[in-house]
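The values are calculated or read from the model by the stated rules, or taken from the named source; none is laboratory data. Bear in mind that the values here come from a model prediction, so they are computed numbers and not experimental data. Neighbour counts run over all protein chains shown; Cβ positions are idealised from the backbone, glycine included.
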Amino acid sequence: MVIMPLLSIVVPTLDRPDTLRHALATMACQPAHADCEFIVQNNGGNPEIARIVADLKDERFRHFASETVLTMTDNWEAALGHTSGEYVAFIGDDDGLMPYACAAASEMLSDRNIDLLSWSAYTYHWPSYYHPAFRNRLLAEIDLTSSVKRLSSRDELARIFGFQAHYAHLPMIYNSFVRRSIIDRMRAIGGRYFIGLSPDVASGIANAALTDSFIRLSRPLSMAGFSQHSTGHALFFETTDLLETPRGARDFGPIDEDPQLPDLNALQLFIAKDMLVLKRLLLADHGDVRLDFKALAQALATDINHRPPLYDRTVQTIGELARTHGFDVADIIIPARLADRPPPRGGVRVTGPNRVVYELDGSALGLNSIADAVRVIAQFVPDQGPLDPAALKAPVSSPVLGVKELEFAHGGAGVAALIEGWSEPEQWGTWSIGRNCVLRFEVHPIPSRPVELVLACRAFVSDGNPQLRAACRVGNGAPQQLTFSREAFAGLRRLMLDPAAIAADGTLTISLSLSDPRSPADLGLSSDARPLGIGLERIWLDHDVRAARGE
């Protein structure tokens, strides 16, 4: 009887032996007792790659080759067909596994009580990366407590489709172990597992759409590498016309146009195409998960200086989106033109309790490959404690606004109220990144008389933008004004809440319209390109209105 492994880790590759050998080195050093197999899918059958795998003399590695060069999505599907594990993960041929990855995953998944085990990977820009400022850079945010959370798949999808969270937060097969039953369900619905132009992102949307929740580790099991071979970075940063070249045709095949989207080879538009395909296929009945075209336009604007040669074309694309989908282009905050892509920050910084970000110069550390980067950062990563999936709390999707403070920091109970116009939560709270922002809560019980809504918040103001004004509507009430200045940029702000503004079902929507959000990059203060406005820390209700006013 053939015993199938618990884990299958797959590396699809195409003529990249120089980076592949280092990716395979991080796999070969996985402990022998880990229950896993390694699949190398050699697109086009490069004989040097076959020799590299054979020279490892490790029976856990299985090599497969296609006779001709397949598109990226077809090659990934072929690779998936060779796996036999209960759980499957992919890594790129310039990525790496952390030394503890397979042992930790085997321990956590051995009871088969988890459908999706996900993480946010560390990142490494190889010395061969196209942009000199990013070469040999290692970025790792380390949680010293190695926390584990259960997240709502639907809530994460809503944030991704609303361009309020980076697609890397999806439970992609690139940063997750995916149970085979999910893969089989997707194949039954779509005829195949990998669909669309970006198979990694599309897999994350499909995995989330087919599950109620997933487990996210703060201790990554892999490191994402960006080299001269990285298809996405070559397409969206290094060149402006890759899709028109033989390489573009080879990697993506024919690309169907979508009348809802302009024709620009931007990362956000590529992802949006796959969102629309998978929305129709898997999420047609889920109105809370919808592509926000206005937020898509703002995402294009925020990253506009990542590709300076396409600045004018991106502005034109934003205008096309506005005309097609009926929003005011004046609501989109477009940064001033920069001469070059904003550089990385560098250094070591504390981002919150038990969280440290290392952004290191690999040249100073003697790094030359992903295997070197993995080895160095592994020294800083704490051990993972025991994982009991049954003990993890179910995600809460509707925050209840009351006298107890709701926090907007990373992992805070208020985060689920961030509906539109917000960035990803940080350790202190969450910044707004749009001219118009929306919060939504439940209020139970509905108060019998007016109460005050208290915001602990801050605003991004500086010499370049000394004042920020916010027109706030609490429910359907009259606008209320909040003003921030350099002298009074943080603290408590109060809004009146009339019970009549709360819907009959207890739902309360708060809308904010900001005067002139600016980005630190636009003002020459840092490389942060987000148009920052209000930063929310906490919110609660104060029922003693007179006392709050000092009466």
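The figures follow:
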| item | result |
| --- | --- |
| All positions within region 516-542 that are over 25 Å from the mean Cα position of the chain (by Cα) and modelled with pLDDT of 90 or more | Ile539, Trp540, Leu541, Asp542 |
| Pairs with Cβ under 8 Å, 6+ apart, first in region 323-345 and closer than 22 Å to Ser432 by Cα and touching a residue at least 40 places away in the same chain (Cβ under 8 Å), second acidic (Asp, Glu) and in a helix (DSSP H, G or I) | none |
| Residues that are surrounded by fewer than 18 Cβ atoms within 10 Å (Cβ to Cβ) and small (Gly, Ala, Ser), drawn from region 132-166 | Ala133, Ser146, Ser147 |
| Candidates Ala140, Ala206 - the one that is part of a helix (DSSP H, G or I) and more than 25 Å from Ala417 (Cβ to Cβ) | Ala206 |
| Residue tally, condition among the β-branched types (Val, Ile, Thr) and closer than 22 Å to Pro389 by Cβ, over region 179-225 | 4 |
| Residue match in region 311-326 (condition: part of a helix (DSSP H, G or I), within 23 Å of Asp522 (Cα to Cα), under 23 Å from the mean Cα position of the chain (by Cα) and small (Gly, Ala, Ser)) | no |
| Flag for Gln228 being within 21 Å of Met72 (Cβ to Cβ), at pLDDT below 90, among the polar types (S, T, N, Q) and part of a loop (DSSP other than H, G, I, E, B) | yes |
| Unique match (being modelled with pLDDT of 95 or more and not small (Gly, Ala, Ser)) among Leu210, Leu235, Leu197 | Leu210 |
| Conditions (1) modelled with pLDDT of 90 or more; (2) under 21 Å from Asp522 (Cβ atoms); (3) surrounded by fewer than 17 Cβ atoms within 10 Å (Cβ to Cβ); number of the one not met by Asp498 | (2) |
| Every residue from region 374-415 that is small (Gly, Ala, Ser) and under 18 Å from Ala158 (Cβ atoms) | Ala394, Ser397, Ser398, Gly411, Gly412, Ala413, Gly414 |
| Those residues of region 22-32 which are surrounded by fewer than 18 Cβ atoms within 10 Å (Cβ to Cβ) and out of contact with any helix residue (DSSP H, G or I) (no Cβ under 7 Å at 6 or more places or on another chain), in sequence order | Cys29, Ala32 |
| Count of residues meeting criterion [farther than 23 Å from Val350 by Cβ and small (Gly, Ala, Ser)] in region 414-438 | 5 |
| Gly421 being on the phi > 0 side of the Ramachandran plot and not assigned by TED's automatic domain parsing to the domain that holds Asp18 | yes |
| Count of residues meeting criterion [within 10 Å of Leu116 (Cα to Cα) and not β-branched (Val, Ile, Thr)] in region 213-225 | 3 |
| Counted residues, region 22-63 - those being assigned to a helix (DSSP H, G or I) and of a type in the set (Gly, Ala, Ser) | 5 |
| Whichever residue in region 478-495 is aliphatic (A, V, I, L, M) and farther than 15 Å from Pro447 by Cβ and, among such residues, is surrounded by the most Cβ atoms within 10 Å (Cβ to Cβ) | Leu482 |
| Hits in region 99-117 (condition: under 20 Å from Leu24 (Cβ atoms) and touching a helix residue (DSSP H, G or I) at 6+ places or on another chain (Cβ under 6 Å)) | Pro99 |
| Tally of residues being at pLDDT 85 or above, of a type outside the set (Val, Ile, Thr) and surrounded by 12 or more Cβ atoms within 10 Å (Cβ to Cβ) across region 345-379 | 17 |
| Unique residue being in the same structural domain as Tyr130 (by TED's automatic domain parsing), surrounded by 18 or more Cβ atoms within 10 Å (Cβ to Cβ) and in contact (Cβ under 8 Å) with a residue 24 or more places away in the chain when the list is Ile304, Ile318 | Ile304 |
| Total residues in region 11-21, condition surrounded by fewer than 22 Cβ atoms within 10 Å (Cβ to Cβ) and either in contact with a Lys or Arg (Cβ under 8 Å, 6 or more places away or on another chain) or not in a helix (DSSP H, G or I) (or both) | 3 |
| Of all residues making up region 127-178, the number that are β-branched (Val, Ile, Thr) and closer than 17 Å to Ala272 by Cβ | 1 |
| Residue match in region 36-48 (condition: in contact (Cβ under 8 Å) with a residue 60 or more places away in the chain, crowded, with 18+ Cβ neighbours inside 10 Å and at negative phi) | yes |
| Residues of region 164-184 satisfying the condition of being in a helix (DSSP H, G or I) and among the hydrophobic types (A, V, I, L, M, F, W, C) | Ala168, Ile182, Ile183 |
| Exclusive hit being without any contact (Cβ under 8 Å) to a residue 24 or more places away in the chain, within 19 Å of the chain's Cα centre (by Cα) and part of a helix (DSSP H, G or I), set Leu269, Leu296, Leu276 | Leu276 |
| Residue tally, condition in contact with a Phe, Trp or Tyr (Cβ under 7 Å, 6 or more places away or on another chain) and outside any strand (DSSP E or B), over region 342-366 | 1 |
| Selected residue (criterion: surrounded by the fewest Cβ atoms within 10 Å (Cβ to Cβ)) from residues of region 185-197 that are in a helix (DSSP H, G or I) and without any contact (Cβ under 8 Å) to a residue 24 or more places away in the chain | Ala188 |
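Listed here are the residues, each with its yes/no results for (1) under 22 Å from the mean Cα position of the chain (by Cα); (2) outside the structural domain of Asn136 (by TED's automatic domain parsing); (3) more than 20 Å from Tyr124 (Cα to Cα).
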{"site": "Asp361", "(1), (2), (3)": "no, no, no"}
{"site": "Leu367", "(1), (2), (3)": "no, no, no"}
{"site": "Val438", "(1), (2), (3)": "yes, yes, yes"}
{"site": "Arg458", "(1), (2), (3)": "no, yes, yes"}
